[in-house]
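A short write-up of the structure that comes next.
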Amino acid sequence: KPTAAPDACSPWPIHRLDSGTTGVLVVGKTGRSIRDLSEQFQKKTVQKTYYAIAIGRMPNSGSIDSPIDDKQAFTSYEVEKALPSPRFDQLNLVKLYPVTGRRHQIRKHLAEIGHPILGDKDYGLEGLILTGKGIYLHAFQIEFTHPDNGQKVRFTSALPKKYLKIFPNQY
């Protein structure tokens, strides 16, 4: 929806999603909102929730605190559901909470602990790359302070159908 604000500009993405990642993306429409939202991301006050389908038997919850490109990076996770898989041993529907926003952070962190994301051709395990379906990483929810009214806002994007084929009855 266009804005009538005096500092209106072309819509500008405030953050990025990896290629193939689905879900919520925040876009600013005024110079002030772009600056404010960018600052919230820098100060790490934006709460992000992702879903991924990860390969292999993994702990029910945990956190990964290892640097990416020599910068601090932190992701916590919870396994919401797990299913046996003849090809992958086990598939896990994992809810993830990245605190930092490094390039490929979730993908690198899960691969680092031995549980790459299904369909991840860059960080997957040789012989366990699922082709033709894309990566199973979804930006599910984002919460931040609205730059105009100071209220907390939350935007959610339902899981794509391809997730529901593997994990029916989820959201």
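Restricting to the range 46-75, and then to whatever is touching a Ser or Thr at 6+ places or on another chain (Cβ under 7 Å) and assigned to a loop (DSSP other than H, G, I, E, B), can you tell me which residue is least open to solvent (accessible area, probe 1.4 Å)?
By that ranking, first place goes to 73.
Can you confirm whether residue 78 is free of Cβ contacts under 8 Å to residues at least 60 places away in the same chain, of a type in the set (Asp, Glu) and outside any loop (DSSP other than H, G, I, E, B)?
So residue 78 passes the test.
Do you know which residues across the range 128-171 are part of a strand (DSSP E or B), touching a residue at least 12 places away in the same chain (Cβ under 8 Å) and among the charged types (D, E, K, R)?
If the condition is that a residue be part of a strand (DSSP E or B), touching a residue at least 12 places away in the same chain (Cβ under 8 Å) and among the charged types (D, E, K, R), then 143, 154 are the ones that fit.
Any chance the range 81-93 includes a residue that's within 21 Å of residue 17 (Cβ to Cβ) and among the charged types (D, E, K, R)?
No, the range 81-93 contains no residue that is within 21 Å of residue 17 (Cβ to Cβ) and among the charged types (D, E, K, R).
Could you check the range 1-29 and list, in sequence order, the residues that are open to solvent by 30 Å² or more (accessible area, probe 1.4 Å), in a strand (DSSP E or B) and on the phi < 0 side of the Ramachandran plot?
If the condition is that a residue be open to solvent by 30 Å² or more (accessible area, probe 1.4 Å), in a strand (DSSP E or B) and on the phi < 0 side of the Ramachandran plot, then 8, 9, 10, 11, 12, 13, 22, 27, 29 are the ones that fit.
If residue 32 satisfies every condition in (1) open to solvent by less than 70 Å² (accessible area, probe 1.4 Å); (2) outside any strand (DSSP E or B) but one, which is the exception?
(1)
The values are calculated or read from the model by the stated rules, or taken from the named source; none is laboratory data. Here the structure is a predicted model, which means the values were calculated and not measured. Counting neighbours? That spans all protein chains shown, and the Cβs are built from the backbone with ideal geometry, glycine included. With ligands, DNA and RNA removed, areas are computed over all heavy atoms of the protein, side chains included. Shrake-Rupley method; radii C 1.70, N 1.55, O 1.52, S 1.80 Å.
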